[in-house]
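> This is the structure, below, for whatever I ask next.
Computed from the coordinates by the stated procedures, all read-outs in this text should not be read as laboratory data. Bear in mind the structure is a predicted one, so any value in this text is a computation, not a measurement. Note that each Cβ is placed from the backbone with ideal geometry, even for glycine, and that neighbours are counted across all protein chains shown.
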Amino acid sequence: MAADRLRPRRPFRAPRSHALLAALVLAGLAGGEARAQSGASGVESLLAGADPDVRAALTADGGGAARQALGSLLGGRAVPRETIALALGNRDFAPHARDTLVAMAKVAHLPGALETFERVGKSEGAGLAGPAFEIQVAASFGERAAAISAKVDGHEVDVVLRDGTLVEAKFQHKPDPGGIAADRVIDKAIEQLALRGANGADVMLVTNLPLEAGDIQRVRRKLGETSGVAYLRGGTLRTQLAPRRALQQQRMGAARLGRAPHRARAGARRVTRAAHRKAHRARTHRAGRQPARARSRAR
């Protein structure tokens, strides 16, 4: 016993599996740090290549929100880098750049989002505000948004919600006296929403300016109780008129309202699936690949 106590102990050696695990952890940390540095350099590279007016608009508040949005878009890979660069290089994008990028980072996964953002980079002048505002409106609905710029019954709808509501987004560059939406904008929206809501779906008008009380009642009178009105300001959606069906659903539960809400949700699911297929075909086309169905036919 005494001899055992006097014998020097061998130094502890971790099993090889432990050493390998430690090496993998260290490698992962190093890789994560490298990716973070690469992502940061990618963001700065995009900002450096942006139009001076766009860069000034993105960094006016310090640039924190814009950099975070760009980092998210680059990391998510739903939007190609060249598409982002095209938008940042468009001088007309400057007034909408910050809010649109922050919104796009939230909705890039939605069907139609990429195609709508591509229109931002390719549009000029006043025409750019439309697709930029559609992206912002979709983001303002959060998880309720299902698709952007989707086809429903042959009509293009700016935003489709998961409950089947069809949203028309209208951006007005110069407000009427008092900072309100113009009659011509409201009349055009009513005309379009009447077509989109012909199948009984809830419809909603979202503008960047509030509507007067008389105009709100005009929307309800022309489009019925399934219509709603809201305006977007500072990234927050402010409802002026909610579809009465939506209010009923909140109070009574959808199960007691018959089949109309279920049909609307089923329609939204069909639209979403169709938009997913369209987006997949567009991605494979951009990548220079044939869809599997096309390849099978080619054989």
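> If R₀ is 22 angstrom, what is the calculated FRET efficiency for the pair Glu124 and Ala85, using the beta carbon separation as r and rounding to 0.05?
Once rounded, the FRET efficiency stands at 0.85.
> A further question follows. Extension gain Arg162-Thr239, at 0.36 nm per residue separation less the Cα-Cα distance, in nm?
25.9 nm
> Quickly rank 49-58, 142-151 as a protection proxy: mean count of other C-beta atoms within 10 Å, highest first.
142-151, 49-58
> Using packing as a proxy for protection, rank 189-196, 229-236 so that the peptide with the highest average count of other Cβ atoms within 10 Å comes first.
189-196, 229-236
> So if R0 is 25 Å, what FRET efficiency would Ser41 and His109 give, r being the distance between their Cβ atoms, rounded to the nearest 0.05?
So, using R0 = 25 Å, E works out to roughly 0.50.
> Hey, another quick one. One quarter of the convex hull surface, Cα atoms only: what value does that give for the range 85-134 in nm²?
Average of the hull's projected areas for the range 85-134 equals 3.0 nm².
> Quick one: go through the range 122-141 and flag any residue whose amide nitrogen is under 16 Å from the point 7 Å out along the Cα-to-Cβ line of Lys174.
126-127
> Please work out how much length the chain gains when fully extended from Glu191 to Ala48, using 0.36 nm per residue of separation minus the C-alpha to C-alpha distance, in nm with one decimal.
In short, 47.1 nm is gained.
> Using the Cβ atoms and a cut-off under 14 Å, what net charge is assigned to the surroundings of Val137, where Lys and Arg are +1 and Asp and Glu are -1?
Result for the local shell: +1.
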